[in-house]
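Heads up, the thing below is written out as structure tokens.
Since every read-out is calculated from the coordinates, none of them should be taken as a lab result. A quick note: this is a predicted structure, and the numbers were derived from the prediction, not measured. Here the Cβ is made from the backbone with ideal geometry for all residues, glycine too, and neighbour counts use every protein chain on show.
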Amino acid sequence: MNVLFISTVDKADLWQQCMVAELPDINFFAWPDCPTPAGKIDYIIAWKPPTGEIAKYPNIKAVLSLGAGIDGITCDPDLPRNVPISRLVDRCLTQGMTEYVLYWVLHHHRRMGDYAEMIKNRNWDNYLQADTETTTIGVLGLGELGGDAARALSALHFDVLGWSRSQKSIPGVTCFSGPDGFDKIVEKSEILICLLPLTEQTTGILNVDTFAKMPMGSVIINCARGGHVVDGDLILALDSGRLSAAVLDVFHQEPPTGNHPFWTHPMITMTPHMASLTVPQSAARYMAENIRRVERGEDPLNLIDLSKGY
Ligand code: NDP
Ligand code: OXD
């Protein structure tokens, strides 16, 4: 069985080791080095493959995404529509994202940035401490990642609101769905976390109208995709005081161009798309399980629905 790995960011050698440990009989090729004819490739494991690349392999049985988000695969206009695409759902990925969310929520909730500044200036004071139980945190997207983060925030006794396409019921989380639900969550959230997939419906969802509904001085944490944010609107919302801070892990272009205003904005904290990283040792087990399933004639786990876009 021939597996082609297409990614310029993940460590191909480590992936080869991990995949061969799971499936000793496979031939593993790291693109662009693929001595086997394209027609003989059975599976593609991919993160942001170049446009038109997947269509060159006419007999693949599935595309296995290296990430939870598949927008970097589905944005290819030449992507064959009949090939199953599975997205990554993995314990380490979920745990990593929840850690990132908790870290930044607690940072802002406890004003750690202000305290660091105070100490840097040799000052010694304190701010009024906010009541956790009355601090409202909104989570947009209640899937594998948003759901776990929302549960963890609720375990810390925050007032947690969540939003999804279909109505959910999560203990400790007040769940909303649909456009009315969106307004309710946005209007109350002092910290708003985006963990939505990037689709036609969610592109640009963090825009001037959304920010205008949020409480004065609220905080945005975007750890989903840069396309969720209208960059100029975010800068205006920060400059006007509507938002007091933004934590951004993802960007329209990664890295953003050298003169992008986000790099130097004092109220923006950037991280380099590391909110949660795929851990090859763990994710390879999942990829192998999906290959075994397809070989048995079953659907891979977490098949994406191209009509929904995620
Ligand atoms: P899931 O598919 O499990 O969850 C997506 C959630 O968003 C679901 O609750 C879904 O609703 C909801 N949703 C989708 N469309 C809409 C809509 N139009 N209106 C309201 N809710 C909607 O995805 P994951 O949780 O696994 O991942 C989320 C995203 O996180 C990924 O797509 C990826 O972009 C990003 N990500 C970022 C990483 C990083 O390091 N920065 C790492 C990993 C992922 P429903 O439940 O009803 O389907
Ligand atoms: C993902 C990501 O989608 O890393 O998994 O962004």
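Of the peptides 189-195, 203-209, 96-102, 303-309, how do they stack up when ordered by the mean number of other Cβ atoms within 10 Å, highest first?
In descending order of packing, they fall as 189-195, 96-102, 203-209, 303-309.
Can you find, among GLY113, PHE29, ASN59, the residue farthest towards the positive end of the dipole of region 4-114? Put +1 on the C-beta of Lys and Arg, -1 on that of Asp and Glu.
The one lying farthest along the dipole's positive direction is GLY113.
Provide the FRET efficiency to the nearest 0.05 for the MET1-SER282 pair, computing r from the beta carbons and using R0 = 22 Å.
In this case the efficiency is close to 0.55.
Which length gain, in nm to one decimal place, applies between GLN253 and LYS56 when the Cα-Cα distance is subtracted from 0.36 nm times their residue separation?
Roughly 68.3 nm would be gained on extension.
From the phi angles alone, apply the Karplus equation (6.51, -1.76, 1.60; θ = phi - 60°) to region 58-64 and give each ³J(HN,Hα) in whole Hz, x where the residue is Gly or Pro.
These are the phi-based 3J(HN,Hα) values: x, 10, 5, 8, 6, 10, 10 Hz.
Specify the inter-centroid distance of region 194-229 and region 45-124, based on alpha-carbon positions, in whole Å.
Taking the Cα centre of each part, region 194-229 and region 45-124 sit 16 Å apart.
Multiply the residue gap between ASP183 and TRP263 by 0.36 nm, knock off their C-alpha separation, and tell me the result in nm, one decimal place.
Length difference between fully extended and current span is 25.8 nm.
Please report the net charge: other residues with Cβ closer than 12 Å to the Cβ of GLY227, K and R +1, D and E -1.
-3
Cα-based count: Lys pairs in the chain below 22 Å, eight or more positions apart or different chains?
The result is 13.
Counting pairs of alpha carbon atoms under 8 Å apart in space and at least six apart in sequence, what relative contact order in percent does the chain give?
Contact order relative to length: 17 percent.
So between LEU236 and GLN129, what do we pick up on full extension, going 0.36 nm a residue minus the alpha carbon distance?
Fully extending the segment from LEU236 to GLN129 adds 35.7 nm.
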